[in-house]
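Working notes, beginning with the structure itself.
The values are calculated or read from the model by the stated rules, or taken from the named source; none is laboratory data. Because the structure is predicted, anything quoted here is derived from the model rather than measured. Don't worry about glycine lacking a Cβ; one is built from the backbone with ideal geometry, like all the others, and counts go over all protein chains shown. Note: accessible area is taken over every heavy atom of the protein model, side chains too, but ligands, DNA and RNA are not part of it. Shrake-Rupley method; radii C 1.70, N 1.55, O 1.52, S 1.80 Å.
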Amino acid sequence: MTNWLDEVFAVQKPVIAMLHLSALPGDPGYDSAAGIRAVVDRAKGELAALRDGGVDGVMISNEFSLPYLTKTEPITAITMARIIGELLPDLTLPYGVNVLWDGRASIDLAVATGAQWVREIFTGVYASDFGLWDTNVGAVARHRHRIGGAGVKLLFNIVPESAVYLSDRDLASITKTTVFATRPDGICVSGLTAGASTDSQALQVVKDEAGDVPVFVNTGVRAHNAAEQLSIADGAIVGTYFKEDGVFENRAVQSRVTELMTVVREFRATL
């Protein structure tokens, strides 16, 4: 648990870039006239921008499958597997997957495509924009074992976006019991939504209680705060900042990737 980041990324404080797929078949926003080809072509272009900009890894998600399901339809992971299959020749970086918001489907997709990690909501019960959001980490862990996914690392999003924990528990207690009882491979700390700043104090609380489990700052990393947040976290997951003008809906552009990664490399040189 203490060495997997070094083994996968071979750098300190790795930055994982989000590769946000356009809306997919079954999603309200899917462009059926343009079809899957348009989704693949956009993904290929953004992957090139992220890779050439110098990120350390990539996580592929159905970010534009809004509004999200907590139990996805089969077509979502099936389509993502097809798209990743087309991206594989260009996936020279370590990569993970995230089928929002379905932990079991994320693990299925990782096993099918060779992804090295998934990020999901695996623990807790929440009041959310998607309704009552329940989880069953024991069932998901057994599913991973049953389908041969023991090598797939599980990143737990411990502060879900658009949701609040349905109990009066502080973040330190949640972190402590999550680490003890559910054995995460990593913990992600988020802001309110994609692109929203992650509170540094909350990040520090989780880091203090996580022990040897790596902690990622999951949203809101920007060039001006990357060094500050990586001084606490073990790594960062970045999506919105890499988009043109920093706008969630836009495409990732290499110039913004290079800008942030230059700051990160300068910070690493001080470690």
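Brief remarks on what is shown
- Subset of region 225-248 (residues that are open to solvent by 60 Å² or more (accessible area, probe 1.4 Å) and either touching a residue at least 24 places away in the same chain (Cβ under 8 Å) or under 21 Å from ALA172 (Cα atoms) (or both)): GLU228, SER231
- Residue within region 178-196 that is free of Cβ contacts under 8 Å to residues at least 24 places away in the same chain, open to solvent by 10 Å² or more (accessible area, probe 1.4 Å) and in a helix (DSSP H, G or I) present: yes
- Exclusive hit being polar (S, T, N, Q) and open to solvent by 40 Å² or more (accessible area, probe 1.4 Å), set SER61, SER32, SER22: SER32
- With respect to the conditions (1) more than 26 Å from LEU132 (Cα to Cα); (2) in a helix (DSSP H, G or I); (3) open to solvent by less than 10 Å² (accessible area, probe 1.4 Å), VAL213 lacks only one, and its number is (2).
- Region 75-86, subset touching a residue at least 12 places away in the same chain (Cβ under 8 Å) and under 23 Å from ALA139 (Cβ atoms), residue surrounded by the most Cβ atoms within 10 Å (Cβ to Cβ): MET80
- Among the residues of region 143-177, just one is in a helix (DSSP H, G or I), among the aliphatic types (A, V, I, L, M) and under 23 Å from ASN98 (Cα atoms), namely ILE174.
- Residue within region 118-130 that is over 26 Å from VAL238 (Cβ atoms) and surrounded by fewer than 20 Cβ atoms within 10 Å (Cβ to Cβ) present: yes
- Residue within region 92-110 that is farther than 21 Å from VAL238 by Cβ, touching a residue at least 40 places away in the same chain (Cβ under 8 Å), of a type in the set (A, V, I, L, M, F, W, C) and loosely packed, with under 15 Cβ neighbours inside 10 Å present: no
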